[in-house]
1. Does segment 39-52 contain at least one residue that is loosely packed, with under 15 Cβ neighbours inside 10 Å, modelled with pLDDT of 95 or more and within 17 Å of residue 111 (Cα to Cα)?
2. Those residues that are within 18 Å of the chain's Cα centre (by Cα) and either over 14 Å from residue 9 (Cβ atoms) or open to solvent by 60 Å² or more (accessible area, probe 1.4 Å) (or both), I need them from segment 56-72; list them, please.
3. Out of the residues in segment 85-125 meeting the condition of being more than 25 Å from residue 61 (Cβ to Cβ) and without any contact (Cβ under 8 Å) to a residue 40 or more places away in the chain, tell me which one is least open to solvent (accessible area, probe 1.4 Å).
4. Taking the criterion of being farther than 16 Å from residue 8 by Cα and either part of a helix (DSSP H, G or I) or of a type in the set (A, V, I, L, M, F, W, C) (or both), would at least one residue in segment 106-119 satisfy it?
Amino acid sequence: MDKELVLSINKYLANLAVEYFKLHNLHWNVVGINFKSTHEYLEVLYDGITKTLDEVAEVIKMKGECPLVSLNEYLENSTIEELKCKEVKSDAAFKIVLKDFKELKVNLEEIRYLSIQEDEYEIITLIEDNLREFNKSIWFIESSLK
């Protein structure tokens, strides 16, 4: 597998890991009139990220490469930023997640492009599945913010 593709997939893995913790932070610290529904939806999102993290790491291993595994590596390679502990209103939490999910989508599109160039069909399939899920979440969040 091409080095650029490995770096791009590991960046995606790092982004997922940082987003996983960020979603927990928002889940724990969301406040306001829509607390319950937002709190529950954020839990659905981080549960989904858990599954995706595993699938991405496994495809990296299947291709004979080593996935990033430490918090330091995740922070060094992620383009998703951490969030400090503070109360966040539901609409602000949705805006934060929306921005991050759009960043993850850009990352996925880069991986898809590189995977197509190398005929890496297992990776393409995984990426297409992930894009579908992020597109659905983006639509849901944008609809919630109207």
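The values are calculated or read from the model by the stated rules, or taken from the named source; none is laboratory data. Note that the structure is predicted; figures quoted are calculated from it, not measured. Cβ sites come from the backbone with ideal geometry, for glycine too, and all protein chains shown count toward neighbours. Accessible surface is based on the protein model in full, side chains and every heavy atom, while ligands, DNA and RNA are left aside. Shrake-Rupley method; radii C 1.70, N 1.55, O 1.52, S 1.80 Å.
1. Taking every residue of segment 39-52 in turn, none turns out to be loosely packed, with under 15 Cβ neighbours inside 10 Å, modelled with pLDDT of 95 or more and within 17 Å of residue 111 (Cα to Cα).
2. Initial filter on segment 56-72 (within 18 Å of the chain's Cα centre (by Cα)): 56-60, 67-72.
Listed by number, the residues that qualify are 58, 69, 70, 71, 72.
3. Here is the first cut: in segment 85-125, the ones more than 25 Å from residue 61 (Cβ to Cβ) are 85-102.
Going one step further and asking which of them are without any contact (Cβ under 8 Å) to a residue 40 or more places away in the chain, we end up with 92, 99, 102.
On the way: 92: 38, 99: 142, 102: 92 Å².
Ranking the candidates gives 92 first.
4. Let us first name the residues in segment 106-119 that are farther than 16 Å from residue 8 by Cα, namely none.
No; the residues of segment 106-119 include none that is farther than 16 Å from residue 8 by Cα and either part of a helix (DSSP H, G or I) or of a type in the set (A, V, I, L, M, F, W, C) (or both).
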